[in-house]
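What follows is one structure encoded as structure tokens, with my remarks underneath.
The values are calculated or read from the model by the stated rules, or taken from the named source; none is laboratory data. Computed from a predicted structure; not experimentally measured. A quick note on method: Cβ atoms are made from the backbone with ideal geometry, for glycine too, and the neighbour counts reach across all protein chains shown. Ligands, DNA and RNA are stripped out before the accessible areas are found, and what is left, the full protein with its side chains, is counted by its heavy atoms. Shrake-Rupley method; radii C 1.70, N 1.55, O 1.52, S 1.80 Å.
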Amino acid sequence: MLRRGVVSLLRRARGGQQQQQGLSNGSVPLHPPQARELGFCGSPSSSSCSRRNITYMPRPGDGAPRAVTLIPGDGIGPLVTGAVVEVMKALHAPVYFEAYEVTGKMDKVPRELMDSIRKNKVCLKGGLATPVGGGVSSLNVQLRKELDLFASLVHCFNLPGLKTRHDNVNIVVIRENTEGEYAGLEHEVVPGVVESLKVITKFCSERIAKYAFEYAYLNNRKTVTAVHKANIMKLADGLFLESCREVAKKYPGIKYNEIIVDNCCMQLVSRPEQFDVMVTPNLYGNLVANTAAGIAGGTGVMPGGNVGAEHAIFEQGASAGNVGNEKLVQQKTANPTALLLSSAMMLRHLQFPSFADRLEQAVLGVVKDGKHRTKDLGGSSTTQKVVDAVIAKLADNE
């Protein structure tokens, strides 16, 4: 069974290679548009967030309302996704939601949900709890693999008016999403001995490296840092580094750095402002993104998304265990900021940039005012009070 799993991964990598070759011949531009659509500035008025002067010319019909698959999820998920739906209505955003009740306790993703995402191409997701131990596979991982959402992007930045230990934090963590330790290839060799395989392929490593460098180029970022453990895992992480180096040569205007993951964690908590775009294998990216989120203001405010050639799922950028926090659910005090900002990313992805800007400015304005903040940001507001404040800010900005 373990061997079949490895063969399946290798076949998928070869198939993706063929797809990539076809894309490079001019049929569908895989990286540049989605890299641009997923990026957004920490502060709309920040001088550090310069933009290229590109005129966006919409196709006829681009303003038509778009269907978005909605997964409320577990724990605080229904609370924060409900907040997004309410704000979207107040914004009169040209989207409508198709909701599916799914829980992390399910064995597999329901077929009707997959059909909806494949049809709509875009999904907004609350957190899905993943059982610890046992034989239940993570639905989050299943979604990424089935839809080939190979790039996870989490934007960790200082929010205006929110005091944190470090200033000038503006980090984008781009994580390979489909292989590595998350391949799920484990078995018990003999009782008491478990073998777990980490699978790294050149195709997937090059693909995520290209995405990271394209993102950096299109968003005027200066540096890409590859995070690795090639001093110990010389073949697996060595292949990842080799792929990053090859891609880096094609972007001479972007500085390329490498850092060992344990040193990376120390540098993040001591001098996070030195990092710009970070590209990582699967597991390291999860650790780095949650660490960076904690430094910049917490998991409740950091947006994120998962994107592939055809589909995208937007969700809270870092979870760090708050999905199943029953106290937040009972008191209705979950912070909706992260998912609201993720929704702004989603609106850009759908090519509704003016709606995205209005939503982002309203959310960041409420945080900056400091009158309506949930407990994790030092306030005492409920989720609904934050939502009401965002809606009021939208009205003020019209």
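Site pair A67 and R111 shows an inter-label distance of 1.8 nm when each label is modelled 7 Å from Cα along Cα→Cβ. Spin-label pair D262-Y96: with each label point 7 Å from Cα along the Cα-Cβ axis, the two points sit 5.6 nm from one another.
Computed from the C-beta positions of S354 and E310 and an R0 of 22 Å, the FRET efficiency is 0.30 to the nearest 0.05. Post the alpha-carbon centroid distance, the stretch 304-375 to the stretch 103-147, in whole angstrom. With the stretch 304-375 and the stretch 103-147 each reduced to a Cα centre, they are spaced 19 Å.
Accessible surface of T178, taken over heavy atoms with a 1.4 Å probe and every protein chain present, rounds to 0 Å².
Using the per-residue mean of other Cβ atoms lying within 10 Å as a proxy for protection, in what order, highest first, do the peptides 302-309, 121-128 fall?
Details: 302-309: 25.1, 121-128: 23.5.
With the highest mean Cβ count within 10 Å placed first, the list reads 302-309, 121-128.
Taking the stretch 206-362, how many lysine pairs are there with alpha carbons less than 26 Å apart, if each pair must be eight or more places apart or span two chains? Value for the stretch 206-362: 15.
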